[in-house]
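One structure is given below, encoded as structure tokens.
The values are calculated or read from the model by the stated rules, or taken from the named source; none is laboratory data. Just so it is clear, the structure is predicted and the values come from calculations on it, not from any experiment. Note that we place each Cβ from the backbone using ideal geometry, even for glycine, and neighbour counts take in every protein chain shown. What goes into the accessible areas is simple: the full protein's heavy atoms, side chains included, and nothing from ligands, DNA or RNA. Shrake-Rupley method; radii C 1.70, N 1.55, O 1.52, S 1.80 Å.
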Amino acid sequence: MRRVSLISLLCIVAVACAPQPSQDFVDRDRNVFRGDLAHQPIRPVRQSIELRLDPAQEEFTGAVMIDLEVEQDVESFTFHGDQMDFGRHEMEGPGGPIPMDVTALDNGLVKATPDRSLEPGRYLMALDFSRPFEITASGLYRMTAGEDAYLFTQFEPTDARRAFPCWDEPSFKIPYRVTLQVPEGLTALTNTPVDSRTTSDGWDIIEFSETPPLPSYLLAIAVGPFDRLPMDGLSVPGAIYAPRGQGSMGAIAAEITPPILEALEQWFDRPYPFAKLDFVAVPEFWPGAMENPGLVTWADNLLLLDPERASALQRRRLITVTAHELAHMWFGDLVTLAWWDDLWLNESLTTWVTDVVVQRVHPEFRVDVTSASDADGVMSADARPSTRAIRQEVVEATDIMQDLMLPFQKGQRVLAMVERWIGEDTFRSGVLDYVARHAGGNAVGEDLWQALDAASGEQVSSVLASFLEQPGLPLIRVEPEPHGRLRLHQQRFTTFGVELEPQLWVVPIGLKYETAEGIRDQTVVLDGPTASLDLGDDVEWVLPDADSWGYYRWSVPDEMMRRLAGADRQALTERERIGFLGNAYALLTAGALGGGDYLALLAEFADDPEPEVMTNVVDSLGRVRTAFVSDDLREDYAAWVRHSLAPVLDRVGMTGQPGEDPAIAVLRPRLIRILGLDGRDAEVRQFCDAAVQSLIDDPASVEPGVIGVALQVAARHGDRDQFDAYRRGIEQNTDPQLRGAYLQALGSFDDPELQEEALQYSIDGPLRLQEQQSIMRSLPDSDDARSRRFAFLQDNYDTLASRLPPDFRGYLPYMAMSCSEKQLAEVQEFFGEPDHEFPGTAEALAKVTEEVETCVALRAREGASVAEYLEAAH
């Protein structure tokens, strides 16, 4: 593949030239931390933690001893210790004991004031403390599962301070030694293996080996009556821990983890960097999974699968999350971000290498194809005014949690685009150099950029700076010229009617085009507003995103767009066809493609032979329903869905076959759902009704992959008896997967009275904290149901907010999403009230506002075109 650099001779005055790395980031003193503890001439170098933990109690006690290095005279200093009652608090230095006062400040800070100035040297601070356990699944928290009580932790980003005194910021990367006292017979886990165990007066005292240098947010603790299932075949000792009675459901995870770890060790060309690898299943866990070295914590419904009943989708999800969390052992744990403005270093690199490893170990899941649409959602959000740069000043903890799609999905796609530009081997060489240079320590973004520059000989840093240090994404517009010439233009991509500040990017563009001599490709780097190149021949069509790896949108003339849509299926790869569909929807939102034309393009792909492409077609139809299908269009839309997709379901069948392609097993439930719910297909509904009756009588009688969708489809026209049966399914099932399927379906009933009852059950029923929003999210996608959900949110706001971890409360406006100007005004008024505004609420409300306004404008602009198309289509 040729690589061509297009150096623009003209930089338009109104548009700034493409940015270089920000000096605010480049010139940062790597030894100065920019959090609450910034610029203090005192740092921890080692810490021991002893905790006395009984899950049956409501509070705990502990003691810490922290070795401190004082670099210059200190009168007082601060550390983190949120809502703690301190007992002993003293220091010892070169001259002996030093009395000290401690005073609680805001934001979880504690001020320590020794009775004399501390001169440079080494000191030891000792603190005894007590504190209540948390109950909102963050910090150090207690919960019950069945008849048993458990303790778990979730410290990222700033909640270790709610478990023990510490320097709770990522650049303070030090060794920890943990000792846990727990009631005799309980299992206690942390990041490292057990050094010693003794028993005294009914308590087990367990001393764990010292950790390598870690930031506080990666420490983890679990206490309870766990089942243990060994993970054989790892390069270190490891096991899966599950709540009592559920150990056998860890068998699939125990089977798939060793080859994934081995593949990562081969890719990184270095062994797993920690002493053990345990997984623990947590019944109440918001993040899904957390990469604590040596003790990865998991939501139980991700980790625990019935070996006899797991669907292809559940297996794929488990494999993908396992690869992601294990990749973090190098990206984030071995090499840690210096401060939260570089969260993308953890998440972008990890998400990127996850795809590499899953494709290598489990090629049957075709991640090389399915990942083509992974960035569609974040690109849509990135086109709106409220979007932020991936790298930006992080001042408050809530800043860390905002726009999490950016480091995960935008960062991953930008890195993948760079890899395709400079080559796989070159990219890996640069990344491995970055890891080697910063292993055991901290890094900033420039460390990676410079390593990639050196490995490739290209200005990778300019590309990454342009995509990571400014918000948004480019639109690459192709303008054919006579005699085989082509002009490329770039401008900021926006949704229709939105005016944003102009920007430029340095963009590696993969061009694929057809001439009389066949299909060709090349890569160009567009670093100005426009450039011209010679393709050598007249071209039939140009695809400006070869293999669909670019983080940009693109447009070509209408006639060329039609040629691409109708091109021979061998001309465009599956990835390119998926990318084409995602880009077409973006052009619809930008006003560059009509609603009826968009549906016609979808129809072109409705008979695609590849299940991965068909899965994307089905997902695309979901966007159509939300934006365009009002009550008066439901019959026409249903007829079109049946006409387009019923033949596909006939082809793949409503039940699976032994040894079938996993992609078909993933596609099947999507087809059943859309045909049963949107298409109102009588045969599909009859199938789902029968499946649900069989499920209620005998769960083992129904194919696992269709259980969830069968429950949802049958609920749509279900009655009170069926509602009660679903509720019993939630309360009587210990299998996390089956319980979750019933839970998701309980909100799917069309009957308004049952919807109201389901919503009330979400706060009154015996549900875990993270389950309470599942019902709200599962209500039908209709204007009436959205209005009902928002009314429930208003009436129960205090209860719902109190049950969320503090960092998540600002997300509540997302529960009020709609496609209604009237409801939007009510949402803005409600969340504008001071009593309803938590940190992060304003940012979430801005995004909800843009989403709703985009939907309303799209319906107003293209609704008639869609209606005309649907009426004519059948």
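Remarks
- Applying 1/(1 + (r/R0)^6) with R0 = 60 Å to the Cβ-Cβ distance of L404 and H483 gives a FRET efficiency near 0.80.
- Protein accessible area in region 203-323, 1.4 Å probe - carbon and sulfur %: 48
- Each residue of region 346-363 is assigned a 3J(HN,Hα), and the resulting list reads 5, 7, 5, 4, 5, 5, 5, 6, 4, 4, 4, 6, 4, 5, 6, 8, 10, x Hz, derived from the Karplus form 6.51 cos²θ - 1.76 cosθ + 1.60 (θ = phi - 60°), x at Gly and Pro.
- Two-site FRET efficiency, E119 against D148, from Cβ-Cβ distance with R₀ of 35 Å, rounded to 0.05: 0.10
- Acute angle (nearest 10 degrees) that the helix 736-746 long axis makes with the longest principal axis of the chain, alpha-carbon atoms: 60
- For region 669-676, putting each phi into the Karplus relation 6.51 cos²θ - 1.76 cosθ + 1.60 with θ = phi - 60° gives couplings of x, 5, 5, 4, 5, 6, 6, x Hz, in residue order, rounded to whole numbers and with x for Gly and Pro.
- Relative contact order %, region 320-469, counting alpha carbon pairs below 8 Å whose residues are six or more apart: 31
- Solvent-accessible area per residue, Å², over the chain with all protein chains present [probe radius 1.4 Å]: 38
- Angle in degrees between helix 720-732 and the longest Cα principal axis of the chain, rounded to the nearest 10: 40
- Spread over its residues, the convex hull of the C-alpha atoms of region 523-644 is 122 Å³ per residue.
- In the chain, a dipole from Cβ-located charges (positive for Lys and Arg, negative for Asp and Glu) runs towards its positive end, and of S644, S462, L667 it is S462 whose Cα lies farthest in that direction.
- Share antiparallel - DSSP beta bridges, the chain, percent rounded to 5: 80
- Taking the charge dipole of region 483-629 about its Cα centre, with +1 at Lys and Arg Cβ atoms and -1 at Asp and Glu Cβ atoms, the residue from P502, V539, L526 reaching farthest to the positive side is P502.
- Debye, to nearest 20: dipole size of the chain, +1 on Lys, Arg Cβ, -1 on Asp, Glu Cβ: 1020
- Estimated vicinal HN-Hα couplings, Hz - region 578-583 in sequence order (Karplus 6.51, -1.76, 1.60; Gly, Pro = x): 5, x, 4, 5, x, 5
- Accessible carbon and sulfur surface of region 476-600 relative to its total accessible area, %, 1.4 Å: 43
- With Cα atoms, 0 to 90° folded angle of helix 251-268 axis to the chain main axis: 90
- Residue among A254, L189, A842 farthest towards the positive dipole end of the chain, charges placed on Cβ: A254
- Remark: the D534-R197 segment gains 114.0 nm on full extension, using 0.36 nm per residue and subtracting the alpha carbon distance.
- Near the amide H of D204, within less than 5 Å, lie the amide hydrogens of V182, E184, G185, all on another chain or at least 5 residues away, with H placed in the peptide plane.
- For I509, distant residues with modelled amide H under 5 Å away: V524, V525, L526
- Charge dipole (Cα centre; +1 on Lys/Arg Cβ, -1 on Asp/Glu Cβ; no other charges) of region 115-274 amounts to roughly 260 debye.
- Calculated FRET efficiency for the pair D697/T734, C-beta based, R₀ 25 Å, to 0.05: 0.85
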